[in-house]
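Step one of this worksheet: look at the structure below.
The values are calculated or read from the model by the stated rules, or taken from the named source; none is laboratory data. Note that the structure is a prediction, hence the values are computed from the model and not measured. Virtual Cβ from ideal backbone geometry, glycine too; neighbours counted across all protein chains shown. These area figures cover heavy atoms from the full protein model, side chains too; ligands, DNA and RNA do not enter into them. Shrake-Rupley method; radii C 1.70, N 1.55, O 1.52, S 1.80 Å.
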There are 2 protein chains.
Amino acid sequence: MHVFYQPDISNNSVTLSEEESKHCTRVLRLKKGDTVHLTSGRGIQAIASIADDNPKKCVLTIHERIAHTPRLTHLHVAIAPTKNFDRMEWFIEKATEIGIEEITFIECEHSERNKINKERCEKVAVSAMKQSKQWWLPKIHNIIPLKKFIESPEKKSLKLIAWCETNQTNLLQEEIRKSSAGNFTFLIGPEGDFTAQEVELAKAAGFIPVSLGENILRTETAALYGCAIVKTFSK
Amino acid sequence: MHVFYQPDISNNSVTLSEEESKHCTRVLRLKKGDTVHLTSGRGIQAIASIADDNPKKCVLTIHERIAHTPRLTHLHVAIAPTKNFDRMEWFIEKATEIGIEEITFIECEHSERNKINKERCEKVAVSAMKQSKQWWLPKIHNIIPLKKFIESPEKKSLKLIAWCETNQTNLLQEEIRKSSAGNFTFLIGPEGDFTAQEVELAKAAGFIPVSLGENILRTETAALYGCAIVKTFSK
């Protein structure tokens with residue numbers, strides 16, 4: 001099953017982007033008449049056939065649309081980007097494969113990076129979505145200060161903040177087990193972790209500090225571990 | 001806390017390798033008298049001070065040893081290495097951070113690689129162990145045919161094989177919940193998945209096919225997801 005990304009599949013005739021056209025005709029060597037699948041990134045799968053295998057603008061005809069039911073859990077991870085951004089691209093790829101709905105990059109006191117390439121991040125997410133044959137594309141938000149993110153009115157969700165600095169916090173899985181929430185917001189700090197003040201600020205806004213266990217995980221490992229546990233335990 | 005790797009810490013005077021010595025004196029700029037920690041990779045933590053900050057052979061004096069209790073679960077992942085080995089190094093790094101005891105590379109029918117660089121793998125594991133401040137180093141085994149691995153007498157463990165090709169398998173977490181095992185052996189196939197014959201062979205040897213959910217995960221993502229779930233659910 002070959003899946004292509006097309007945000008707008010309302011019309012029955014769809015022309016793939018130059019990049020997707022090249023991938024379809026040159027890399028996968030698909031020909032006129034071959035069946036392909038489209039994902040809108042918003043839950044719609046379309047089954048189509050190639051009407052014109054033009055390697056620059058490949059035209060598809062949609063025959064059927066399938067509306068996939070939304071996922072049971074909505075996970076929004078807010079993460080301080082690492083200095084080496086490859087680690088963030090890796091996180092985006094893996095989190096998209098496992099299933100994540102939203103990613104926001106945050107600027108913290110110990111942050112080592114205050115800029116991200118949103119377009120590049122979205123490219124990574126799109127290819128991971130296609131590769132893992134999914135119908136939902138995570139929403140990626142630009143970088144904002146932690147304070148602003150914490151204060152932004154978030155729809156009702158279980159708000160968690162990963163914090164290494166204390167032994168008094170519950171384990172992530174215990175907090176998830178206790179709760180019946182379907183929406184999760186998870187804060188992951190920079191290499192240098194959150195400051196005590198940042199954690200207090202988050203607590204005041206309703207975030208619960210959680211531990212990810214004894215091991216000191218890298219930022220991107222902590223975030224992906226969090227995705228795996230939230231997505232599995234909350235089911 | 002600066003952690004260095006030293007397999008043999010039986011003597012109170014320890015000389016770091018040239019690489020570790022350079023890291024200690026040049027990168028971390030530690031000086032004579034500074035306190036450092038050593039991990040044997042076998043559960044022993046030693047607290048030492050620098051007796052000679054020679055950048056080529058840094059000498060440490062051990063003052064105290066702490067024996068850490070073994071982990072509750074023993075996880076052995078057998079995985080078909082990906083063509084692009086960076087993905088395996090990434091898996092080794094992340095699995096070591098989260099906690100894994102053994103990794104064996106296997107050769108399957110759809111394998112795209114039948115050689116690995118064991119030394120390189122061990123280097124990645126050592127640096128991840130130090131970076132995540134752990135006292136246990138995962139054991140990494142060389143590549144062997146799947147059949148040989150399946151038939152090798154494994155100590156009593158819950159044997160699982162990840163398989164996408166069927167909807168009749170239980171979810172990984174359900175199999176773990178049902179079991180009271182402390183030892184887990186988990187088979188992860190190549191990009192092209194296991195063949196039906198390979199799965200039959202594994203089943204005959206007591207392996208239970210499990211699903212990792214709806215999404216099609218890459219080999220290394222499946223393996224890491226498995227580590228996170230086994231390590232968390234089995235606790």
Residues satisfying the stated conditions in the stretch B:104-132, i.e. within 21 Å of A:ALA222 (Cα to Cα) and in a helix (DSSP H, G or I): B:VAL124, B:ALA125, B:VAL126, B:SER127, B:ALA128, B:MET129, B:LYS130, B:GLN131
Would you point out which residue out of A:SER180, A:SER132 is open to solvent by 30 Å² or more (accessible area, probe 1.4 Å) and either in the same structural domain as A:LYS83 (by TED's automatic domain parsing) or modelled with pLDDT of 95 or more (or both)? A:SER180
Check B:PHE149 against each of (1) away from chain A (no Cβ under 14 Å); (2) part of a loop (DSSP other than H, G, I, E, B) and name the one condition it does not meet. (2)
If you go through the stretch B:160-169 one residue at a time, do you hit one that is hydroxyl-bearing (Ser, Thr, Tyr), within 27 Å of A:TRP136 (Cβ to Cβ) and more than 14 Å from chain A (Cβ to nearest Cβ)? yes
Mind checking whether some residue in the stretch B:152-161 is assigned by TED's automatic domain parsing to the domain that holds B:LYS83, open to solvent by 30 Å² or more (accessible area, probe 1.4 Å), modelled with pLDDT of 95 or more and not in a loop (DSSP other than H, G, I, E, B)? yes
Out of the helices (runs of 4 or more DSSP H) lying entirely within the stretch B:172-235, which hold 3 or more residues that are small (Gly, Ala, Ser) and more than 12 Å from chain A (Cβ to nearest Cβ)? B:196-204
For B:ASP53, all conditions in the list (1) over 18 Å from A:LEU217 (Cα atoms); (2) open to solvent by less than 40 Å² (accessible area, probe 1.4 Å); (3) in the same structural domain as B:THR25 (by TED's automatic domain parsing) hold save one; what is the number of the exception? (2)
Out of all the residues in the stretch A:61-88, which are open to solvent by less than 40 Å² (accessible area, probe 1.4 Å) and either within 14 Å of chain B (Cβ to nearest Cβ) or out of contact with any Phe, Trp or Tyr (no Cβ under 8 Å at 6 or more places or on another chain) (or both)? A:ILE62, A:THR73, A:LEU75, A:THR82, A:PHE85, A:MET88
Please state which one of A:THR219, A:THR195, A:THR169 is more than 28 Å from B:ILE100 (Cα to Cα), surrounded by 15 or more Cβ atoms within 10 Å (Cβ to Cβ) and touching a residue at least 24 places away in the same chain (Cβ under 8 Å). A:THR195
Going by what's in this entry, would A:GLY206 be described as in the same structural domain as A:ILE106 (by TED's automatic domain parsing), at positive phi and touching a residue at least 40 places away in the same chain (Cβ under 8 Å)? yes
Please tell me if A:ILE62 is at pLDDT below 95, out of contact with any Pro (no Cβ under 9 Å at 6 or more places or on another chain) and within 29 Å of A:GLU101 (Cβ to Cβ). no
Selected residue (criterion: surrounded by the most Cβ atoms within 10 Å (Cβ to Cβ)) from residues of the stretch B:101-129 that are of a type in the set (A, V, I, L, M) and more than 14 Å from chain A (Cβ to nearest Cβ): B:ILE106
